[in-house]
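Undergrad: Have a look at this one.
The values are calculated or read from the model by the stated rules, or taken from the named source; none is laboratory data. As the structure is a computational prediction, the values presented were derived from the model and not from experiment. All Cβ positions, even for glycine, are placed from backbone atoms using ideal geometry, and neighbour counts span all protein chains on display.
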2 protein chains.
Amino acid sequence: MPGIIEVQAVIFTQGGPTAVINASGVGVVLGLKNSPQISAIWGALNGIDGIMEERFVDLKAQSDSVLQAITFTPSTQLRSTRKKPTSEDNRKMLDVFQKHGIHYVFGAGGNDTSESLDIINDAARERKYSLRVFHVAKTVDNDLMENDHTPGYGSAARFVANAFRGASLDNQCFGGLYIGVCMGRHAGFLTAAAALGRQGPDDGPHLVYLPESPFSLDKFAQDVEAVYRRLGRCVVSVSEGIEDASHTPILQVLSDGKLEADSHGNVQLSGTGALADRLVEYAKKHLESKGVVKKLRARGDTFGYLQRSFPDQSPVDREEAVGLGKFAAQRAISGDVDGSCAIVRVADNPYRSEFRLVPLKNVAGKTRRMPEEFINKDKNNVTDAFIRYGLPLVGELTQLGQLDFSKSVKI
Amino acid sequence: MPGIIEVQAVIFTQGGPTAVINASGVGVVLGLKNSPQISAIWGALNGIDGIMEERFVDLKAQSDSVLQAITFTPSTQLRSTRKKPTSEDNRKMLDVFQKHGIHYVFGAGGNDTSESLDIINDAARERKYSLRVFHVAKTVDNDLMENDHTPGYGSAARFVANAFRGASLDNQCFGGLYIGVCMGRHAGFLTAAAALGRQGPDDGPHLVYLPESPFSLDKFAQDVEAVYRRLGRCVVSVSEGIEDASHTPILQVLSDGKLEADSHGNVQLSGTGALADRLVEYAKKHLESKGVVKKLRARGDTFGYLQRSFPDQSPVDREEAVGLGKFAAQRAISGDVDGSCAIVRVADNPYRSEFRLVPLKNVAGKTRRMPEEFINKDKNNVTDAFIRYGLPLVGELTQLGQLDFSKSVKI
């Protein structure tokens, strides 16, 4: 950027919220704000819409206490959008950038966002407008290429792990079947996190169904039956994105209704309790008709938006989110032109991670799925390798107790 | 109990779990275990079934570290039942009591449990068997007479308050409608707790619908429309038990399906996502057909079992649960014969509570509902009086931050 002494920066957030997007934004601000070349740091409201419409909040003018407080606050203060920029949008954004002297762009989001940034980047090059474009990884789905894991995942996984710890203890009270449906359309990381809170061999979830493996209703019913016969109860973690062998969503298999799609063409699978309810009905019918139990106590919960926005961050997730934002800012200042900021794992025990800049195109529009070594052979549970992978990310969980049942009469 | 030197005690738990039933049980054990007259403290497994079948765990033999750990553990280690004792059951239980010399019975539960204990008490009197029968209040519904609030409510309310804090921030991202359905068939205390996490005047929930007031779908749609027109978004807390003016459950009004009933004759209103989904559809249709918005982003979550079992206790709830259990034990030892142990509030600021023994019959089978002063005139929100009532019960909540939007351009 020769000849330019003072430049402005803009930060925007895109896609579904997480518990630590604000933390990433604060990281970028902290990384930029003492740099004399950055004269303004704008937060665009509602993603690229805010850029086009110049709806900006002055992030450099925010007090330290505000920045500190929002670091601990879930969701995104900058609001969001799911819009993918059209060539008309790019023209408008570049006009705004030129008008204000904005040469640094930071977008926190998932693979859609990396794609959006790549498109903006190409448009800027075409116009020969000097732009530094950085993607800051963010998604509860944990499905970005090049990342060991993404900011937002640890906190969402913490919620899911805690939810299943409670649900498994709850299920012990009366026995029966409990199904919890988790987010994750194509990647099972969040559904798998249900297993991270298990303390004993009979703790739930007893079964885990991920979108990576074809889901068979028959197999599912048999799996539930086997667990129920053994324990008199069964806790199941299911991804909202499970599909059968021909890639038809199971909700669609079990449903006659029509399903909505968002502007990226994704079918609406969250925010409805239908999949949990239908799976519960299916398993109940199976167990009752086979005479395994006369009347199965069976419930389904859909964890919905709580997974991504519950105000209980994983401390390591928050710290990494701030760190990744700072890293993006530093790379921009130190002369890098573009890229996606990713987290790589350096060591497991004690856990240690590092940040790395990778090409935007490596992340854009691609989906990382659970590696095979994290899924058991029967495709109905996770492996110890997954537990080792996930545990450092969720932060410390309260140790739960149990009675010493060896001191019992006639159990 | 003249002539009896050594007696045994039994503790059982009944009804839906809470986050602090174990804490109450530990309180009873701590209150009894140093008393020389109590030779054994049994925990009956699965409530009255465990008594009849002599499935007992030795609670006096549990180590201090086990007792300490389960105090922090949600749900009930003693398992549960919803069975109301028949006269045949009473006969069997009294036989077991006589056989072992069990003269103290402690049951933790809701109004069904108080009723069960009252029935057992009457049966013992008839047989002239000397029994001391104590009910230890417990329910997330907070609907027991004679109690300012009940153990279990504070932790469940904490979860609901946190869930809505996250949901409201989430809803800010994209705008639109969010409905969260909370437990509470006849009493709206838990649904009302959604409001306890609000920090600012525009924080959700913007509307709160309680089972205490007749629910009109028309009025609901108009309320949502008014909030949406003002804020471009709307967050709603709804009780699973809402009914129309003729006492038909709204789920039934909106539904053609059949609904299950439990053995106390209660219709199954939890553990399904149907009410949230149907209310969302209804409001969406209203706003879209009136042209308020072309396509409403609208989602419903049902908080389900997480409300009662999520492993994040309210510290004050846990302490009161332990205290109430101890109180029950002390009253039994000091010569009281029967009663229900209740919490009364002594002061609001700083908050202070006390325990009181009341007649079993005052609590048995009765339901306390939200007092009028806690519900606003429009019947679509809670009052400041409710906030003052509820806040001390949930424990400290993380302070959430927000950007200073006065430092903005063109908002």
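Undergrad: Go over the candidates B:R91, B:R132, B:R125 one by one and state the one that is among the basic types (K, R), touching a strand residue (DSSP E or B) at 6+ places or on another chain (Cβ under 9 Å) and at pLDDT 95 or above.
TA: Working: B:R91 fails: touching a strand residue (DSSP E or B) at 6+ places or on another chain (Cβ under 9 Å); B:R125 fails: touching a strand residue (DSSP E or B) at 6+ places or on another chain (Cβ under 9 Å).
Selected residue: B:R132, the only one of B:R91, B:R132, B:R125 that is among the basic types (K, R), touching a strand residue (DSSP E or B) at 6+ places or on another chain (Cβ under 9 Å) and at pLDDT 95 or above.
Undergrad: Out of segment B:24-52, which residues are over 20 Å from B:S334 (Cβ atoms) and polar (S, T, N, Q)?
TA: B:N46, the sole residue that qualifies.
Undergrad: If B:L30 satisfies all but one of (1) within 11 Å of another protein chain (Cβ to nearest Cβ); (2) touching a residue at least 60 places away in the same chain (Cβ under 8 Å); (3) touching a Lys or Arg at 6+ places or on another chain (Cβ under 7 Å); (4) not basic (K, R), what's the number of the condition it fails?
TA: Unmet condition: (1).
Undergrad: So which residues in segment B:55-67 are surrounded by fewer than 17 Cβ atoms within 10 Å (Cβ to Cβ) and either within 10 Å of chain A (Cβ to nearest Cβ) or touching a residue at least 24 places away in the same chain (Cβ under 8 Å) (or both)?
TA: B:K60, B:A61, B:S63, B:S65
Undergrad: Please count how many residues of segment A:133-160 are assigned to a helix (DSSP H, G or I) and more than 14 Å from chain B (Cβ to nearest Cβ).
TA: 3
Undergrad: How many residues are in contact with a Lys or Arg (Cβ under 9 Å, 6 or more places away or on another chain) and in a helix (DSSP H, G or I) when one looks only at segment B:68-79?
TA: Going through segment B:68-79 one residue at a time, the tally reaches 1.
Undergrad: Here's a follow-up. Enumerate the pairs (first residue in segment B:14-25 and at positive phi; second residue anywhere and surrounded by fewer than 24 Cβ atoms within 10 Å (Cβ to Cβ)) with beta-carbon separation below 7 Å, excluding pairs fewer than 6 apart on the same chain, so at least 6 apart or on different chains.
TA: B:G15/B:R82; B:G15/B:D112
Undergrad: Quick test for you: out of B:D95, B:D112, pick the one residue that is without any contact (Cβ under 8 Å) to a residue 24 or more places away in the chain and part of a helix (DSSP H, G or I).
TA: Only one candidate passes the filter, namely B:D95.
Here is a yes/no grid of residues against (1) modelled with pLDDT under 95; (2) more than 14 Å from chain A (Cβ to nearest Cβ); (3) under 25 Å from B:L279 (Cβ atoms); (4) assigned to a loop (DSSP other than H, G, I, E, B):
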| position | (1), (2), (3), (4) |
| --- | --- |
| B:Q330 | no, yes, no, no |
| B:N380 | no, yes, yes, yes |
| B:P392 | no, yes, no, no |
| B:L403 | no, no, no, yes |
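Undergrad: Now a separate question. State whether one or more residues within segment B:98-108 are in contact with a Phe, Trp or Tyr (Cβ under 6 Å, 6 or more places away or on another chain), crowded, with 23+ Cβ neighbours inside 10 Å and within 14 Å of another protein chain (Cβ to nearest Cβ).
TA: Taking every residue of segment B:98-108 in turn, none turns out to be in contact with a Phe, Trp or Tyr (Cβ under 6 Å, 6 or more places away or on another chain), crowded, with 23+ Cβ neighbours inside 10 Å and within 14 Å of another protein chain (Cβ to nearest Cβ).
Undergrad: In the set A:V96, A:V105, which member is farther than 30 Å from A:H186 by Cα, modelled with pLDDT of 95 or more and β-branched (V, I, T)?
TA: Working: A:V105 fails: farther than 30 Å from A:H186 by Cα.
When all the criteria are applied, what remains is A:V96.
Undergrad: Another question about this same structure. State all residues of segment A:161-180 that are more than 9 Å from chain B (Cβ to nearest Cβ) and of a type in the set (A, V, I, L, M); if no residue qualifies, say none.
TA: A:A161, A:L177, A:I179
Undergrad: Name every residue in segment A:345-378 that is among the small types (G, A, S) and either under 20 Å from the mean Cα position of the chain (by Cα) or part of a loop (DSSP other than H, G, I, E, B) (or both), in order of residue number.
TA: A:S353, A:A364, A:G365
Undergrad: I'd like the residue in segment B:164-201 that is in a helix (DSSP H, G or I) and of a type in the set (S, T, N, Q) and, out of all such residues, is surrounded by the fewest Cβ atoms within 10 Å (Cβ to Cβ).
TA: It comes out as B:Q172.
Undergrad: Still on this structure: Being within 31 Å of the chain's Cα centre (by Cα) and within 14 Å of B:L296 (Cβ to Cβ) is the filter here; which residues of segment B:229-238 pass it?
TA: B:R233, B:C234, B:V235, B:V236
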